[in-house]
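Participant: Structure incoming, see below.
Each reported figure results from applying straightforward, stated rules to the coordinates on display, with no laboratory input. Since the structure is predicted, the reported quantities are computational estimates derived from the model, not experimental observations. As a convention, Cβ positions derive from the backbone with ideal geometry for all residues, glycine included, and neighbour counts pool all protein chains shown.
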Amino acid sequence: MARGGLPQAGVLVSDAFASLHPGYLVIFSGVYATLAGAQRAAAAAQLRYPGTYSRRIAR
């Protein structure tokens with residue numbers, strides 16, 4: 001079962017990713033091959049978690 005109703009949920013420490021501002025814990029749900037797929041998943045998650053958005057994350 002997905003955690004909190006989200007598939008593949010986890011936590012990232014933003015300091016380890018150049019594409020993120022340091023000093024944050026980031027909750028993520030899944031890895032998507034396309035921006036469109038990530039946006040669809042974010043829209044679905046917004047029903048339960050308002051403020052959810054998609055973001056490309058790179059090391």
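Participant: Within a 10 angstrom radius of the beta carbon, how do Leu35, Leu6, Leu12 rank from fewest other beta carbons to most?
Facilitator: Leu35, Leu12, Leu6
Participant: Could you work out how far helix 35-46 tilts from the main Cα principal axis of the chain, as a 0 to 90 degree angle to the nearest 10?
Facilitator: With rounding to tens, the tilt is 70 degrees.
Participant: Restricting things to alpha carbons, find the Rg to Rh ratio for the chain using the Kirkwood radius for Rh.
Facilitator: Across the chain, the Cα-based Rg/Rh ratio is 0.95.
Participant: Could you pull out which residues in segment 29-54 have an amide N less than 18 Å from a spot 7 Å beyond the Cα of Ser19, following the Cα-Cβ vector?
Facilitator: Label zone hits: 29-43, 52-54.
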